[in-house]
Amino acid sequence: MFSPPVVAMIDIMITVQDLGKTYGKKTAIAGLNFHVPDGQVTGFLGPNGSGKSTTMRCMLGLDTPTEGRVTFKSKSYNDEFARLSNKPSVAGAILDAGWFTPARSGRSHLRVIARGAGISDARVEECLDYVGMREAAHQKVGGYSLGMKQRIGVAAALLGNPQHLILDEPVNGLDPEGVSWMRNTIRDLASQGRSVLVSSHLLSEMQQTADRLVVIGKGKMIGEYTMSEFLADGTSVLVESPQAAQLCDALKNRGLAAAVQDTQVVIALENADDDPAVRAQVAALALEYGIAVTRLETRQENLEQRFLAATQSVQEYRTSNAGN
């Protein structure tokens, strides 16, 4: 049976404080501050070259930050968990799907990692079961598909039953079945009480997977949001009415951010989750004032549209329409 970590009642989270890293004269990241709460999936977004991989490597102690610190449950990964045998129980990671030795079997890979950290072979079998790879574990990794390699990668990350997971582009190159499996697995691991930080360029997939978002650009913070907060700027309720001005005034009197556009009233939402309540309020006010409403709908930009808008100024490569 696969064992979830024992999680205390308080939040067990990863905290990144004023994190910075320079390589010579080049600044890769600077002044990053964010949290990765337990029991949730935090999506880590940024354009190419924004410093996501550098940040993850600094978080795991693979690169030494120039400034700032990263703590896991208020303890530094390197300082408080210096012994190799402790680290797998603190954080598990997927950083590179190509780290396997082709001539070694999946099971052999996991056993080598496990023995170096004092983890039993029985735990290896538990993790193979969890990722559905026990039957193929005897095969050489060189014959695995990318999806199979990623499953072994997940198993390796879970060997120490860590409370924290850091996953860099885990769905990159996977087919739809593999993407679906990874999404469901990530959600399941978070539901067990783990804090999960995951980066991905598949924004439609991230919208289905993440609870929260950390967005960076050119190595600097753009913001930290819940998914609904990030989508809210692109969410509005549209009302079509021949008495649009009267309806708009009534909505403003109730504290809603309404504006008239011809025969339409557009209501900007502070939070995408407010949509049902606002639609109900519009219907109630229209009934109260005897205002005819011919259309009532919600318009919401998807994560890709919001991401492009939020990072437009920090995109390394930008294009313009030829006709403009």
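All of the numbers you see were taken from the coordinates with simple rules; none came from a lab. Given the structure is predicted, the values throughout are model-derived calculations rather than measurements. Cβ sites come from the backbone with ideal geometry, for glycine too, and all protein chains shown count toward neighbours.
How many Å³ per residue does the convex hull of the Cα positions in segment 235-300 occupy? Intermediate values should be presented prior to the final figure.
Working: hull volume 4.5 nm³, N = 66.
Taking the convex hull of the Cα positions in segment 235-300, it is 68 Å³ per residue.
Give the angle, between 0 and 90 degrees and rounded to the nearest 10, that separates the Cα long axis of helix 146-158 from the longest principal axis of the Cα atoms of the chain.
80 degrees
Would the chain count as rounded, prolate or oblate if I go by the C-alpha gyration tensor, calling it rounded below 1.5 in a/c and otherwise prolate when a/b exceeds b/c, oblate otherwise?
On the way: a/c = 2.26, a/b = 1.98, b/c = 1.14.
Verdict is prolate for the chain.
Out of VAL239, VAL196, VAL124, any idea which swings most in a Gaussian network model of the chain, alpha carbons joined below 10 Å?
Looking only at VAL239, VAL196, VAL124, the largest GNM fluctuation is found for VAL239.
Using a ≥ b ≥ c from the Cα gyration tensor of segment 75-210 (square roots of the eigenvalues), is it rounded, prolate or oblate, where a/c under 1.5 gives rounded and otherwise the larger of a/b and b/c decides, a/b for prolate? Write out the running numbers ahead of the final one.
Numbers: a/c = 1.73, a/b = 1.07, b/c = 1.61.
Judged from the Cα gyration tensor, segment 75-210 comes out oblate (a/c at least 1.5, b/c at or above a/b).
Within segment 93-169, which chymotrypsin sites (Phe, Trp or Tyr not before Pro) sit in a loop by DSSP and count at most 10 neighbouring Cβ atoms inside 10 Å? Please list the in-between numbers first.
Values: sites: TRP99, PHE100, TYR130, TYR144; in loops: TRP99, PHE100, TYR144.
Listed in order of number, the matching sites amount to none.
Once amide H atoms are built 1.01 Å from N in the peptide plane, which residues 5 or more positions from ALA257, or in another chain, come under 5 Å H to H?
Result for ALA257 returns ALA268.
Taking only the alpha-carbon positions of segment 188-266 and ignoring solvent, what does the Debye formula give for the base-10 log of I(q)/I(0) at q = 0.19, 0.21 Å⁻¹?
Each listed q corresponds, in turn, to -0.84, -0.93.
Rounded to the nearest 500, what is the chain's calculated 222 nm mean residue ellipticity when only DSSP H runs of at least 4 contribute -39500 (n - 2.57) each, over all residues?
Values: 12 runs with 113 residues, N = 324.
Taken over the chain, the calculation gives -10000 deg cm²/dmol.
Could you compute the net charge surrounding THR294? Neighbours are other residues with a C-beta less than 14 Å from the C-beta of THR294; K and R count +1, D and E count -1. Walk me through the numbers before you get to the answer.
Details: positive: ARG295; negative: GLU240, ASP262, GLU297.
Overall, the nearby charge balance is -2.
Separation of segment 197-212 and segment 133-193 by C-alpha centroid, Å?
Here the answer is 16 Å between Cα centres.
List the residues, sorted by chain then number, that are 5 or more residues from PHE44 or on another chain and whose placed amide H is less than 5 Å from its amide H.
VAL198, SER199, SER200, VAL214
Roughly how far apart, in whole Å, are the Cα centres of segment 30-64 and segment 222-292?
Each part reduced to its Cα centre gives a spacing of 36 Å.
Which entries of LYS25/LYS220; LYS21/LYS149; LYS21/LYS220; LYS52/LYS140 show an alpha-carbon separation above 22 angstrom in the structure shown?
Details: LYS25/LYS220 16 Å; LYS21/LYS149 30 Å; LYS21/LYS220 11 Å; LYS52/LYS140 31 Å.
The answer is LYS21/LYS149; LYS52/LYS140.
Which longest run of the chain has no exposed loop site in it, a site being trypsin sites (Lys or Arg not before Pro) in a DSSP loop with at most 16 other beta carbons within 10 Å, and the site itself not part of the run?
Numbers: sites that count: LYS25, ARG83, ARG104, ARG254, ARG318.
Between the exposed loop sites, the longest stretch runs 105-253.
Among GLY116, GLY24, GLY68, which one moves the most in a GNM of the chain with springs linking Cα atoms closer than 10 Å?
Evaluated over the chain, the most mobile residue of the options is GLY24.
GLU229: net charge of surrounding residues, Cβ under 12 Å, Lys/Arg +1, Asp/Glu -1, itself excluded?
Working: positive: ARG212, ARG306; negative: ASP211, GLU224, ASP233, GLU270, ASP273, ASP274.
Counting the neighbours of GLU229, the net charge comes to -4.
Once the dipole of segment 168-271 is set up with Lys and Arg at +1 and Asp and Glu at -1 on Cβ about the Cα centre, which of LEU202, ALA258, PRO176 lies farthest towards its positive end?
Selected residue: ALA258.
Taking the Cα centre of segment 145-255 as origin and charging only Cβ (+1 Lys, Arg; -1 Asp, Glu), how large is the dipole, in debye to the nearest 20?
Working: 10 positive and 12 negative charges, 58 e Å.
In total the dipole reaches around 280 debye.
Which FRET efficiency, nearest 0.05, do ARG295 and SER191 yield, Cβ-Cβ r, R0 22 Å? Numbers along the way, then the final one.
Details: r = 39 Å, r/R0 = 1.76.
Once rounded, the FRET efficiency stands at 0.05.
Where does helix 244-253 land angle-wise versus the long Cα axis of the chain, in degrees 0 to 90, nearest 10?
60 degrees
Of the candidates SER50, SER241, SER191, which one comes out as most mobile in a Gaussian network treatment of the chain with C-alpha springs shorter than 10 Å?
Fluctuation is largest for SER241.
Run down the lysines and flag those whose C-alpha is under 19 Å from the C-alpha of LYS75, throwing out any fewer than 8 positions away in its chain.
Partners found: LYS87.
Let me know the longest stretch in the chain that avoids all GluC sites (Glu not before Pro) found in a DSSP loop with at most 11 other C-beta atoms within 10 Å.
Between exposed loop sites, the widest span is 136-315.
So what are the ³J(HN,Hα) numbers for segment 24-39, from phi and the Karplus equation (6.51, -1.76, 1.60; θ = phi - 60°), rounded to whole Hz, Gly and Pro as x?
Result, rounded to whole Hz: x, 8, 8, 8, 7, 9, 7, x, 7, 9, 6, 10, 10, x, 6, x.
Note the angle between two axes, namely the Cα long axis of helix 275-289 and the longest principal axis of the Cα atoms of the chain, as a number of degrees from 0 to 90, rounded to the nearest 10.
Taking Cα atoms only, the helix is inclined about 10 degrees.
Go through segment 47-56 residue by residue and turn each phi into a ³J(HN,Hα) via Karplus (6.51, -1.76, 1.60, θ = phi - 60°); whole Hz please, and just put x for glycine and proline.
For segment 47-56, the Karplus curve yields x, 4, x, 7, x, 5, 5, 4, 4, 5 Hz.
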